[in-house]
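Below: the structure, in structure tokens.
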Amino acid sequence: METADVLIIGAGVLGGSIAYYLAKQNAGRVLVLEKNSAAQGNSSLAAGLLTRGRFKAHHIPFVLETYQAINEIEHVSGRSLAMRQTGCLYAAISPRNQSQLVELAAISKSAGLKMESLDETDAAQLLPWLKLPPGSNVIFMPDDGYIDGYQLTSAYLRSAAALGVEVVENTLVHAIQKIGRRVTGVLTDRGEFSAGLVIDAAGIWAGLLALELEIALPMAPIRSHYWVTDIHDLVSPDQPFLILPDARAYARPESNRLLFGLREQNSVYVNPRELPAAMPGYTFKQDPNGWDSLLEGLPAFSKFVPFSENVGIAHYIKGFSNYTPDGEFILGAYPDMEGFMVASGCNGAGIAISAGAGRAIADLVTGQPPFTSLTPHRPDRFGTINPLDPNFLQRCAESRSGKISG
Ligand SMILES: Cc1cc2nc3c(=O)[nH]c(=O)nc-3n(C[C@H](O)[C@H](O)[C@H](O)COP(=O)(O)OP(=O)(O)OC[C@H]3O[C@@H](n4cnc5c(N)ncnc54)[C@H](O)[C@@H]3O)c2cc1C
């Protein structure tokens with residue numbers, strides 16, 4: 001039997017980041033167990049927006065930590081992670097969205113984020129494909145950027161490995177083992193691993209593993225998706241990314257193509273028991289090609305991005321994000337289960353908040369006060385729930401449908 005101080009289940013962006021911070025904090029022997037190849041879960045599918053401006057001000061420190069980690073990893077490794085720091089343009093048209101944007105600007109200002117107020121003419125200079133009506137409210141956050149999720153995940157794992165963490169691929173955790181109310185290790189298809197602490201960072205599969213311990217994680221796997229257009233001469237890679245709540249949309253250049261995501265009125269959820277073993281090749285039973293969602297969302301989007309009505313679509317990318325009913329993450333321990341922690345439930349922001357989550361979990365493991373409060377993210381905050389109940393899954397889906405930030 002292999003023995004470690006800490007076992008992390010899942011080599012996604014969260015498992016990778018936790019491993020990186022644990023290694024930096026000398027947390028002993030750390031193993032990351034991954035059932036497939038590292039960095040090929042939902043993290044590799046993300047649009048990768050690293051949006052600093054958040055309606056929940058307490059989420060901002062998580063994102064700031066990610067920018068810091070990217071700088072640090074690039075500096076130490078001497079390798080660029082190809083983040084594109086082109087800024088974020090946030091545009092609001094309806095009175096409701098305008099007043100929310102005023103609120104977001106105030107939160108961002110208090111957090112010390114760099115920000116400029118623009119009008120629709122300035123916005124069109126930055127994004128020649130964007131057509132906003134007069135009187136639109138626009139803010140520009142020049143420091144924001146986006147990054148490839150696979151690159152960032154691999155960078156955390158490589159940096160962790162350079163500091164002694166072992167990443168064990170093609171090793172499926174069948175079950176988390178316990179004696180009484182203490183977790184003792186895991187059972188895998190390669191035998192048993194024992195550890196003082198097991199961290200469940202298994203992404204959309206995390207909930208089922210926890211359920212075996214009679215722990216119900218308050219989250220559900222909800223579809224996230226985006227489209228990438230054909231090459232278009234209005235789009236160039238130096239342009240900022242866009243958050244457009246009036247069209248329930250976001251967009252960014254993907255080289256000379258436009259990548260755009262639409263949030264539908266009724267987000268698609270899947271019962272955790274029906275999840276695929278791996279993401280490549282997976283097709284949703286409901287709206288498998290994303291056409292229903294595209295037909296629903298395109299009229300509003302093309303009103304502000306007219307070329308999107310006629311341009312060809314080159315790619316459709318779909319995957320899952322774990323959503324919680326309250327939009328908070330799931331980070332930390334369960335009071336009545338020793339030797340077990342969870343890092344999940346990122347509400348479509350797992351790339352952006354990855355380093356903050358990794359650092360906070362590492363702080364907990366090494367007995368330091370977390371660098372930012374984890375109280376809103378307590379895994380047991382909902383009390384008793386049934387994460388397989390359709391009503392609960394629906395609440396999580398509504399949490400995504402109502403999301404208006406990046
Ligand atoms: C289309 C799309 C767009 C997105 N856009 C953004 C964005 O712009 N910005 C942003 O911040 N976030 C975005 N997200 C969300 C982000 O991708 C997720 O929040 C993040 O990837 C979650 O990371 P994770 O490490 O929890 O999961 P994953 O990356 O899925 O990693 C979990 C890992 O655990 C492994 N695993 C699972 N079960 C086991 C087991 N039993 N044994 C061993 N290994 C196991 C899996 O194989 C996987 O590698 C987007 C997501 C999607 C799908």
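The values are calculated or read from the model by the stated rules, or taken from the named source; none is laboratory data. Small disclaimer: the values here were computed from a predicted structure and weren't measured. Reconstructed Cβ throughout: ideal geometry from the backbone, glycine too, with neighbour counts over all protein chains shown. Only protein heavy atoms, including side chains, enter the accessible area calculation; ligands, DNA and RNA are left aside. Shrake-Rupley method; radii C 1.70, N 1.55, O 1.52, S 1.80 Å.
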*Of everything in the range 2-60 that's more than 18 Å from the chain's Cα centre (by Cα) and among the charged types (D, E, K, R), which residue is surrounded by the most Cβ atoms within 10 Å (Cβ to Cβ)?*
Glu34
*Please state which one of Asp336, Asp363 is modelled with pLDDT under 95, assigned by TED's automatic domain parsing to the domain that holds Gln177 and farther than 25 Å from Asp148 by Cα.*
Asp336
*What residue, among those in the range 361-389 that are closer than 23 Å to Arg400 by Cβ and in contact with a strand residue (DSSP E or B) (Cβ under 8 Å, 6 or more places away or on another chain), is surrounded by the fewest Cβ atoms within 10 Å (Cβ to Cβ)?*
Arg378
_Criterion (at pLDDT below 95 and under 30 Å from Phe301 (Cα atoms)) met by exactly one of Asp119, Asp148_ = Asp119
*Within the range 329-382, which residues are at positive phi and touching a Leu at 6+ places or on another chain (Cβ under 6 Å)?*
Gly332, Gly339
*Is it true that Pro299 is open to solvent by 40 Å² or more (accessible area, probe 1.4 Å) and modelled with pLDDT of 95 or more?*
yes
*Quick one: is Leu234 aliphatic (A, V, I, L, M), open to solvent by 10 Å² or more (accessible area, probe 1.4 Å) and modelled with pLDDT of 95 or more?*
yes
*Yes or no: Trp227 within 21 Å of Ser399 (Cβ to Cβ) and under 20 Å from the mean Cα position of the chain (by Cα)?*
no
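Report, by residue number, each residue of the range 307-351 that is farther than 19 Å from Ile215 by Cα, part of a loop (DSSP other than H, G, I, E, B) and within 16 Å of the ligand (Cβ to nearest atom).
First, the residues of the range 307-351 that are farther than 19 Å from Ile215 by Cα: 307-321, 327, 347-351.
Still in the list and also part of a loop (DSSP other than H, G, I, E, B): 310-312, 327, 347-351.
Once the filter is applied, which keeps residues that are farther than 19 Å from Ile215 by Cα, part of a loop (DSSP other than H, G, I, E, B) and within 16 Å of the ligand (Cβ to nearest atom), the range 307-351 yields Gly327, Asn347, Gly348, Ala349, Gly350, Ile351.
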_Return the residues of the range 252-275 that are surrounded by 14 or more Cβ atoms within 10 Å (Cβ to Cβ) and either among the basic types (Lys, Arg) or not in a strand (DSSP E or B) (or both); say none if nothing qualifies._
Arg252, Asn256, Arg257, Arg263, Glu264, Asn266, Ser267, Val268, Val270, Pro272, Leu275
*asked:* It is to be established whether one or more residues within the range 214-221 are at pLDDT 95 or above and within 11 Å of the ligand (Cβ to nearest atom).
replied: yes
*Have a look at Glu116, Glu103, Glu166, Glu120 and point out the one that is open to solvent by 40 Å² or more (accessible area, probe 1.4 Å) and not assigned by TED's automatic domain parsing to the domain that holds Ser255.*
Glu166
*Does Ser159 satisfy the condition of being at pLDDT 95 or above, surrounded by 18 or more Cβ atoms within 10 Å (Cβ to Cβ) and not assigned by TED's automatic domain parsing to the domain that holds Phe260?*
yes
*asked:* Conditions first: (1) under 28 Å from Leu393 (Cα atoms); (2) open to solvent by 20 Å² or more (accessible area, probe 1.4 Å); (3) modelled with pLDDT of 95 or more. Ser293 passes all but one, so which condition is the exception?
replied: (2)
*State the number of residues belonging to the range 27-83 that are assigned to a loop (DSSP other than H, G, I, E, B), of a type outside the set (A, V, I, L, M), within 30 Å of Ala175 (Cβ to Cβ) and touching a helix residue (DSSP H, G or I) at 6+ places or on another chain (Cβ under 9 Å).*
5
*Which listed residue is open to solvent by less than 50 Å² (accessible area, probe 1.4 Å), of a type in the set (Ser, Thr, Tyr) and within 9 Å of the ligand (Cβ to nearest atom), from Thr184, Thr171*: Thr171
